[in-house]
1. When residues of the stretch 85-96 are filtered for being assigned to a helix (DSSP H, G or I) and of a type outside the set (Ser, Thr, Tyr), how many remain?
2. Failed condition for Ala151, given (1) within 23 Å of Pro48 (Cβ to Cβ); (2) free of Cβ contacts under 8 Å to residues at least 12 places away in the same chain; (3) aliphatic (A, V, I, L, M), with all others met?
3. Can you tell me which residues in the stretch 113-148 are free of Cβ contacts under 8 Å to residues at least 24 places away in the same chain and part of a helix (DSSP H, G or I)?
4. Against the condition more than 16 Å from the chain's Cα centre (by Cα), under 16 Å from Leu79 (Cα atoms) and of a type in the set (Ser, Thr, Tyr), how does Ser104 come out, does it pass?
5. Given the criteria within 22 Å of the chain's Cα centre (by Cα) and of a type in the set (Asp, Glu), does Glu130 qualify?
6. Answer yes or no: is there a residue in the stretch 97-112 that is assigned to a loop (DSSP other than H, G, I, E, B) and crowded, with 20+ Cβ neighbours inside 10 Å.
7. Of the numbered conditions (1) of a type in the set (A, V, I, L, M); (2) at pLDDT 90 or above; (3) out of contact with any Asp or Glu (no Cβ under 9 Å at 6 or more places or on another chain), Leu26 satisfies every one except a single condition; which is it?
8. Quick one: is Thr65 at pLDDT 90 or above and over 15 Å from Ala151 (Cβ atoms)?
Amino acid sequence: MINNKILLTIGALLIVIGFFQPELNLPTIGGDNCIDTINCVIDAPSNPSLLEKSRVITEIMKKSTDSTRASDCKKLSSLYCDMATLIELDNEDKVIKDTGAIRSANSLAGKMLRLNIKDKYEGLAEAAKELLSESIGIEDAVLTKELRQQAAESFRALSWAFYEGSK
């Protein structure tokens, strides 16, 4: 009989909690299933020209009042960091062989995120294109060791710019 009263009391309590849905803020076991982090350490570009162009991108992002700006920036920062790593792969692991492949990979990776940022941030596409053109130029060229490093630096600069834009 006492066990039935305890069970009825617990059941009634659960119904009340379900009805009012209070914010309990209880700790979860195993953490959050959805992780929103940056995949690499982000430092400001050491190249003054890349730093200047990166700051332009950061300002474009910070001017936005869109509610998804911070999450868009974090995703883009992580994407560009990963792109830098992809470009740095060489020897047997070489994936990107020329500047045309960099542009193709960049456009495909952006679509893969499905952020729908086209025309969302005024001037962003042009600013990012200008930063990238700073190191790899506008003509298709085979990546030399030096050009590969410059391209990776550019993508890390983009990653830093978006990371700063997320703040």
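1. Applying the first criterion (assigned to a helix (DSSP H, G or I)) to the stretch 85-96 yields 85-88, 91-93.
Going one step further and asking which of them are of a type outside the set (Ser, Thr, Tyr), we end up with 86-88, 91-93.
Residues in the stretch 85-96 being assigned to a helix (DSSP H, G or I) and of a type outside the set (Ser, Thr, Tyr): 6 in total.
2. Just one mismatch for Ala151, condition (2).
3. The first filter runs over the stretch 113-148 and keeps only residues free of Cβ contacts under 8 Å to residues at least 24 places away in the same chain, leaving 114, 116, 118-119, 125-126, 129, 133, 138, 144, 146.
Across the stretch 113-148, the qualifying residues are Ala125, Glu126, Lys129, Ser133, Glu146.
4. Values: more than 16 Å from the chain's Cα centre (by Cα): yes; under 16 Å from Leu79 (Cα atoms): yes; of a type in the set (Ser, Thr, Tyr): yes.
Here the answer is yes, as Ser104 does meet what is asked.
5. Numbers: within 22 Å of the chain's Cα centre (by Cα): yes; of a type in the set (Asp, Glu): yes.
For Glu130, the condition - within 22 Å of the chain's Cα centre (by Cα) and of a type in the set (Asp, Glu) - is met.
6. Quick first cut of the stretch 97-112, residues assigned to a loop (DSSP other than H, G, I, E, B) only: 97.
From what's left, crowded, with 20+ Cβ neighbours inside 10 Å: none.
Scanning the stretch 97-112, I find no residue that is assigned to a loop (DSSP other than H, G, I, E, B) and crowded, with 20+ Cβ neighbours inside 10 Å, so the answer is no.
7. Going through the list (1) of a type in the set (A, V, I, L, M); (2) at pLDDT 90 or above; (3) out of contact with any Asp or Glu (no Cβ under 9 Å at 6 or more places or on another chain), Leu26 breaks only (2).
8. Values: at pLDDT 90 or above: no; over 15 Å from Ala151 (Cβ atoms): yes.
When the stated conditions are applied, Thr65 does not pass them.
The values are calculated or read from the model by the stated rules, or taken from the named source; none is laboratory data. The structure presented is a predicted model; accordingly, all values stated were derived computationally and were not measured. Every residue, glycine as well, gets a Cβ built from its backbone with ideal geometry; the counts of neighbours run over all protein chains shown.
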